[in-house]
Amino acid sequence: MDELEFRRRLFADPNDKDVIAQADTDSAKQRLVKEMQDFDATLHSALDISVPDDLAQKILAKQQADTDTSSKQSAEVKQLAWYRRFKTPLATAASALLAVSLYFATSVHAPLQAGEHALQHVYYEAEALALTDEVQLQEVNEKLAMFGGKLEAMPGKVTYATFCNFKGQRSLHLVFQSEHGPVTVFIVPTDSTDAASTQQRFADERFSGSIKPGERADTILVANLDTPLEQYQTAVNDSLRWL
(Lines give C-alpha, C1' and ligand atoms only; values in the text may rest on other atoms or scores of the structure.)
Protein backbone atom coordinates (compact mmCIF):
# COMPACT_ATOMS: atom_id res chain seq x y z
CA MET A 1 0.00 0.00 0.00
CA ASP A 2 1.63 3.26 -1.11
CA GLU A 3 1.31 6.57 0.74
CA LEU A 4 -1.51 7.93 -1.40
CA GLU A 5 -3.61 4.77 -1.09
CA PHE A 6 -2.99 4.72 2.66
CA ARG A 7 -4.32 8.26 3.07
CA ARG A 8 -7.32 7.76 0.82
CA ARG A 9 -8.33 4.56 2.56
CA LEU A 10 -7.81 6.16 5.95
CA PHE A 11 -10.09 9.03 4.93
CA ALA A 12 -12.74 6.61 3.67
CA ASP A 13 -12.63 4.41 6.77
CA PRO A 14 -10.43 5.27 9.78
CA ASN A 15 -11.11 1.78 11.20
CA ASP A 16 -9.87 -0.09 8.12
CA LYS A 17 -7.82 -3.00 9.55
CA ASP A 18 -5.30 -2.93 6.71
CA VAL A 19 -4.74 0.80 7.18
CA ILE A 20 -4.26 0.37 10.93
CA ALA A 21 -1.80 -2.44 10.32
CA GLN A 22 0.10 -0.29 7.82
CA ALA A 23 0.55 2.37 10.52
CA ASP A 24 1.90 -0.02 13.17
CA THR A 25 5.55 0.83 12.57
CA ASP A 26 5.14 4.50 11.65
CA SER A 27 4.44 6.97 14.45
CA ALA A 28 3.36 9.73 12.04
CA LYS A 29 0.80 7.42 10.44
CA GLN A 30 -0.37 6.28 13.86
CA ARG A 31 -1.00 9.93 14.77
CA LEU A 32 -3.05 10.42 11.60
CA VAL A 33 -5.06 7.26 12.26
CA LYS A 34 -5.81 8.37 15.81
CA GLU A 35 -6.83 11.85 14.67
CA MET A 36 -9.15 10.50 11.97
CA GLN A 37 -10.68 7.96 14.35
CA ASP A 38 -11.35 10.68 16.92
CA PHE A 39 -12.89 12.92 14.28
CA ASP A 40 -15.00 10.07 12.91
CA ALA A 41 -16.35 9.36 16.40
CA THR A 42 -17.13 13.06 16.91
CA LEU A 43 -18.90 13.27 13.56
CA HIS A 44 -21.04 10.21 14.23
CA SER A 45 -21.91 11.53 17.67
CA ALA A 46 -23.02 14.88 16.22
CA LEU A 47 -25.24 13.12 13.68
CA ASP A 48 -26.69 10.63 16.15
CA ILE A 49 -29.90 12.49 16.96
CA SER A 50 -32.26 10.67 19.29
CA VAL A 51 -35.97 10.79 18.61
CA PRO A 52 -38.23 11.58 21.61
CA ASP A 53 -40.51 8.61 22.36
CA ASP A 54 -43.65 10.70 22.05
CA LEU A 55 -42.57 12.73 19.01
CA ALA A 56 -44.96 11.03 16.56
CA GLN A 57 -47.89 11.35 18.96
CA LYS A 58 -47.23 15.05 19.53
CA ILE A 59 -46.96 15.81 15.81
CA LEU A 60 -50.08 13.78 15.04
CA ALA A 61 -51.99 15.51 17.83
CA LYS A 62 -51.07 18.93 16.44
CA GLN A 63 -51.97 17.84 12.91
CA GLN A 64 -55.35 16.59 14.22
CA ALA A 65 -56.00 19.88 16.00
CA ASP A 66 -55.06 21.87 12.91
CA THR A 67 -57.29 19.68 10.75
CA ASP A 68 -60.27 20.08 13.09
CA THR A 69 -59.87 23.87 13.12
CA SER A 70 -59.54 24.03 9.37
CA SER A 71 -62.56 21.79 8.89
CA LYS A 72 -64.77 24.22 10.75
CA GLN A 73 -63.55 27.15 8.69
CA SER A 74 -63.70 25.72 5.18
CA ALA A 75 -65.66 22.99 3.45
CA GLU A 76 -62.90 22.70 0.86
CA VAL A 77 -60.36 21.81 3.51
CA LYS A 78 -62.76 19.19 4.78
CA GLN A 79 -62.93 17.67 1.32
CA LEU A 80 -59.16 17.53 1.15
CA ALA A 81 -59.14 15.53 4.37
CA TRP A 82 -60.96 12.56 2.85
CA TYR A 83 -58.32 10.19 4.11
CA ARG A 84 -59.54 10.72 7.69
CA ARG A 85 -62.36 8.26 6.99
CA PHE A 86 -59.79 5.46 7.00
CA LYS A 87 -58.90 4.73 10.61
CA THR A 88 -57.21 1.37 10.25
CA PRO A 89 -53.93 0.66 12.06
CA LEU A 90 -52.14 0.79 8.70
CA ALA A 91 -53.26 4.37 8.08
CA THR A 92 -52.26 5.37 11.61
CA ALA A 93 -48.84 3.79 11.22
CA ALA A 94 -48.35 5.48 7.86
CA SER A 95 -49.32 8.84 9.35
CA ALA A 96 -46.88 8.40 12.19
CA LEU A 97 -44.09 7.49 9.78
CA LEU A 98 -44.88 10.50 7.62
CA ALA A 99 -44.92 12.79 10.64
CA VAL A 100 -41.52 11.61 11.84
CA SER A 101 -40.11 11.86 8.31
CA LEU A 102 -41.38 15.41 7.92
CA TYR A 103 -39.95 16.35 11.30
CA PHE A 104 -36.45 15.27 10.31
CA ALA A 105 -36.75 16.71 6.82
CA THR A 106 -37.83 20.14 8.01
CA SER A 107 -36.55 20.49 11.57
CA VAL A 108 -33.53 18.37 12.33
CA HIS A 109 -31.84 18.45 8.95
CA ALA A 110 -32.93 21.88 7.75
CA PRO A 111 -29.56 23.05 6.41
CA LEU A 112 -28.01 26.42 6.87
CA GLN A 113 -26.62 28.07 3.79
CA ALA A 114 -22.90 27.38 3.44
CA GLY A 115 -22.02 31.00 4.30
CA GLU A 116 -24.18 31.01 7.42
CA HIS A 117 -22.67 27.72 8.51
CA ALA A 118 -19.14 29.04 7.95
CA LEU A 119 -19.84 32.08 10.14
CA GLN A 120 -21.31 29.95 12.92
CA HIS A 121 -18.35 27.59 12.68
CA VAL A 122 -15.88 30.47 13.08
CA TYR A 123 -17.74 31.83 16.12
CA TYR A 124 -17.94 28.35 17.65
CA GLU A 125 -14.16 27.88 17.35
CA ALA A 126 -13.24 31.50 17.99
CA GLU A 127 -10.30 30.46 20.18
CA ALA A 128 -8.57 29.21 17.03
CA LEU A 129 -8.26 32.81 15.82
CA ALA A 130 -6.05 33.70 18.79
CA LEU A 131 -3.47 30.96 18.28
CA THR A 132 0.02 32.11 17.29
CA ASP A 133 2.22 29.00 17.05
CA GLU A 134 3.02 28.09 13.47
CA VAL A 135 1.71 24.90 11.90
CA GLN A 136 4.14 23.73 9.24
CA LEU A 137 2.86 23.38 5.70
CA GLN A 138 3.96 19.74 5.72
CA GLU A 139 1.50 19.03 8.54
CA VAL A 140 -1.25 20.87 6.66
CA ASN A 141 -0.57 18.78 3.56
CA GLU A 142 -0.58 15.55 5.56
CA LYS A 143 -4.19 16.31 6.38
CA LEU A 144 -5.11 17.70 2.97
CA ALA A 145 -3.74 14.54 1.34
CA MET A 146 -6.78 12.76 2.80
CA PHE A 147 -8.79 14.64 0.18
CA GLY A 148 -6.21 13.99 -2.52
CA GLY A 149 -4.78 17.50 -2.51
CA LYS A 150 -1.86 19.64 -1.38
CA LEU A 151 -1.02 23.32 -0.97
CA GLU A 152 2.14 24.69 -2.55
CA ALA A 153 2.10 27.66 -0.17
CA MET A 154 -0.17 29.78 2.01
CA PRO A 155 -0.52 33.59 1.94
CA GLY A 156 0.36 33.80 5.63
CA LYS A 157 1.61 31.83 8.64
CA VAL A 158 -0.73 28.93 9.36
CA THR A 159 -1.62 28.77 13.05
CA TYR A 160 -4.46 26.24 13.04
CA ALA A 161 -5.07 23.08 11.03
CA THR A 162 -7.57 20.37 11.85
CA PHE A 163 -10.31 18.27 10.36
CA CYS A 164 -13.79 19.59 10.98
CA ASN A 165 -17.44 18.76 10.45
CA PHE A 166 -18.74 21.17 7.82
CA LYS A 167 -22.46 20.46 7.45
CA GLY A 168 -21.89 16.79 8.18
CA GLN A 169 -18.92 16.48 5.82
CA ARG A 170 -15.30 15.83 6.74
CA SER A 171 -13.45 19.00 5.76
CA LEU A 172 -10.22 20.82 6.52
CA HIS A 173 -10.27 23.89 8.77
CA LEU A 174 -7.25 26.22 8.57
CA VAL A 175 -6.40 29.62 10.00
CA PHE A 176 -3.55 31.75 8.68
CA GLN A 177 -2.38 35.16 9.86
CA SER A 178 -2.52 38.20 7.60
CA GLU A 179 -1.86 41.92 8.04
CA HIS A 180 -5.63 42.29 8.36
CA GLY A 181 -5.92 39.67 11.09
CA PRO A 182 -6.61 35.93 11.10
CA VAL A 183 -8.19 34.39 8.02
CA THR A 184 -10.15 31.14 8.29
CA VAL A 185 -10.11 28.70 5.37
CA PHE A 186 -12.45 25.74 4.95
CA ILE A 187 -11.63 23.23 2.23
CA VAL A 188 -14.84 21.28 1.69
CA PRO A 189 -15.18 18.36 -0.74
CA THR A 190 -17.40 19.25 -3.69
CA ASP A 191 -21.14 18.50 -3.46
CA SER A 192 -21.14 18.86 0.33
CA THR A 193 -22.15 22.52 0.36
CA ASP A 194 -24.97 24.38 -1.34
CA ALA A 195 -22.59 26.75 -3.10
CA ALA A 196 -23.52 27.80 -6.62
CA SER A 197 -21.22 27.52 -9.62
CA THR A 198 -19.97 31.09 -9.20
CA GLN A 199 -18.18 32.77 -6.32
CA GLN A 200 -20.43 33.95 -3.49
CA ARG A 201 -19.97 36.54 -0.77
CA PHE A 202 -21.56 36.72 2.68
CA ALA A 203 -21.08 38.81 5.81
CA ASP A 204 -22.38 39.79 9.22
CA GLU A 205 -21.51 42.69 11.53
CA ARG A 206 -18.00 41.34 12.24
CA PHE A 207 -16.86 39.02 9.45
CA SER A 208 -17.10 38.77 5.69
CA GLY A 209 -16.73 35.59 3.72
CA SER A 210 -16.25 34.21 0.26
CA ILE A 211 -17.07 30.84 -1.32
CA LYS A 212 -15.15 29.70 -4.37
CA PRO A 213 -16.55 26.50 -5.92
CA GLY A 214 -13.96 24.09 -7.28
CA GLU A 215 -13.88 20.90 -9.31
CA ARG A 216 -12.73 18.78 -6.38
CA ALA A 217 -13.46 21.01 -3.39
CA ASP A 218 -14.94 24.37 -2.49
CA THR A 219 -12.76 26.86 -0.62
CA ILE A 220 -14.51 29.09 1.89
CA LEU A 221 -12.73 32.04 3.50
CA VAL A 222 -13.91 34.05 6.50
CA ALA A 223 -12.07 37.12 7.85
CA ASN A 224 -12.51 40.57 9.37
CA LEU A 225 -14.67 42.96 7.37
CA ASP A 226 -11.77 45.02 6.02
CA THR A 227 -9.86 42.00 4.67
CA PRO A 228 -9.27 41.80 0.88
CA LEU A 229 -10.83 38.37 0.61
CA GLU A 230 -10.61 38.13 -3.15
CA GLN A 231 -6.83 38.51 -2.98
CA TYR A 232 -6.47 35.73 -0.42
CA GLN A 233 -9.07 33.53 -2.11
CA THR A 234 -7.09 33.71 -5.34
CA ALA A 235 -3.83 32.94 -3.54
CA VAL A 236 -5.25 29.88 -1.81
CA ASN A 237 -6.94 28.51 -4.92
CA ASP A 238 -3.89 29.10 -7.11
CA SER A 239 -1.78 27.18 -4.59
CA LEU A 240 -4.15 24.21 -4.30
CA ARG A 241 -3.06 21.16 -6.27
CA TRP A 242 -4.80 17.78 -6.69
CA LEU A 243 -2.80 14.58 -6.63
*Give me a count of the residues in the stretch 163-212 that are under 15 Å from G149 (Cα atoms), open to solvent by 10 Å² or more (accessible area, probe 1.4 Å) and either modelled with pLDDT of 90 or more or in contact with a helix residue (DSSP H, G or I) (Cβ under 8 Å, 6 or more places away or on another chain) (or both).*
3
*Sort out which residues of the stretch 133-188 are in contact with an Asp or Glu (Cβ under 9 Å, 6 or more places away or on another chain), of a type in the set (D, E) and without any contact (Cβ under 8 Å) to a residue 24 or more places away in the chain, and write them in order of number.*
none
*Which of the residues spanning the stretch 121-132 are hydroxyl-bearing (S, T, Y) and without any contact (Cβ under 8 Å) to a residue 24 or more places away in the chain?*
Y123, Y124
*Is one or more of the residues making up the stretch 162-184 hydrophobic (A, V, I, L, M, F, W, C) and assigned to a loop (DSSP other than H, G, I, E, B)?*
no
*asked:* If I ask for residues that are in a helix (DSSP H, G or I) and exposed (fewer than 12 other Cβ atoms within 10 Å of the Cβ), which ones from the stretch 19-32 would you list?
replied: A21, S27, A28
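The values are calculated or read from the model by the stated rules, or taken from the named source; none is laboratory data. Computed from a predicted structure; not experimentally measured. In this analysis, Cβ positions are derived from the backbone assuming ideal geometry, glycine residues included, and neighbour counts consider all displayed protein chains. Accessible surface areas use protein heavy atoms only, side chains included; no ligands, DNA or RNA. Shrake-Rupley method; radii C 1.70, N 1.55, O 1.52, S 1.80 Å.
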